[in-house]
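The values are calculated or read from the model by the stated rules, or taken from the named source; none is laboratory data. Values in this document were obtained by computation on a predicted structure and should not be read as measured data. Using ideal geometry, Cβ is built from the backbone for each residue, glycine included, and neighbour counts are taken over all protein chains shown.
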Amino acid sequence: MSRYFGSKCRMCRREASKLFLKGEKCFSDKCAIERRNYPPGIHGQRRRKVSDYGLHLREKQKIKRTYGLLESQFRNYFKKAERMQGVTGENLLLLLERRLDNVVFRLGFSCSRTEARQVVSHKQILVNGQVVNVASYMVKAGDKVSVRERNKANLRIKGALDNATRREIPSWVEVDPVAMAGTFVSYPDRSDLPAEYNENLIVELYSK
């Protein structure tokens with residue numbers, strides 16, 4: 001499967017928003033948004049009028065890149081959200097939040113979702129006591145997510161937990177830093193998710 005191997009900071013600059021793709025660097029003065037808050041490239045500082053389609057596209061790209069998905073993966077999540085009861089846009093965000101790699105990141109077991117995906121694929125995470133190495137695994141309310149016993153000495157995981165206090169742990173998860181375990185308590189409400197996301201633009205984009 002293809003992956004983007006370029007600079008992650010370029011993606012943040014392109015979306016003019018912190019996507020928190022580089023872990024602790026995003027909280028320091030080395031963050032690209034803090035230093036160069038304009039799109040990358042030689043024409044990045046030009047003022048351009050953004051079309052209606054451009055606004056919809058940028059919102060889709062921002063959320064897709066935040067969760068580290070390919071276009072085909074993101075579209076599949078949208079189709080699944082359409083089939084669910086309720087508001088499509090909110091369903092989409094809920095599905096993305098339920099991904100195992102995202103839950104591992106939310107619990108503080110990794111500094112970024114990219115690192116969380118690696119931790120999961122290396123079989124360092126347990127879900128309800130069973131090893132799960134699929135990053136897209138859908139976590140359900142009440143599921144317990146923990147670090148595998150033999151990996152609790154991993155310095156990267158311990159460092160991530162130490163730094164997790166710098167970002168707020170969401171209300172829909174509970175974490176025990178000492179036991180390196182947490183619980184996906186409940187599905188988040190829309191009010192719990194980032195206010196800067198405008199999922200309605202994505203719904204309109206895919207409806208055209």
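Listed by position, the helices (runs of 4 or more DSSP H) inside the range 52-171 whose residues that are within 21 Å of Thr183 (Cβ to Cβ) number at least 3 are 88-97, 100-107, 113-121, 155-163. Screening Ala164 with (1) in contact with a strand residue (DSSP E or B) (Cβ under 9 Å, 6 or more places away or on another chain); (2) over 27 Å from Gly89 (Cβ atoms); (3) without any contact (Cβ under 8 Å) to a residue 24 or more places away in the chain gives one miss only, at (3). Taking the criterion of being more than 30 Å from Leu55 (Cα to Cα) and without any contact (Cβ under 8 Å) to a residue 60 or more places away in the chain, the residues of the range 173-208 that qualify are Glu174, Asp176, Val178, Ala179, Ala181, Thr183, Val185, Ser186.
Within 18 Å of Leu161 (Cα to Cα), buried (at least 19 other Cβ atoms within 10 Å of the Cβ), under 13 Å from the mean Cα position of the chain (by Cα) and not acidic (Asp, Glu): does that describe Val103? Against the criterion (within 18 Å of Leu161 (Cα to Cα), buried (at least 19 other Cβ atoms within 10 Å of the Cβ), under 13 Å from the mean Cα position of the chain (by Cα) and not acidic (Asp, Glu)), Val103 qualifies.
The condition (being in the same structural domain as Gln73 (by TED's automatic domain parsing), crowded, with 16+ Cβ neighbours inside 10 Å and either at pLDDT 90 or above or within 18 Å of the chain's Cα centre (by Cα) (or both)) is satisfied by just one residue among Leu161, Leu201, Leu126: Leu201.
Looking at this structure, is Val134 in contact with a strand residue (DSSP E or B) (Cβ under 7 Å, 6 or more places away or on another chain) and not charged (D, E, K, R)? In short, no.
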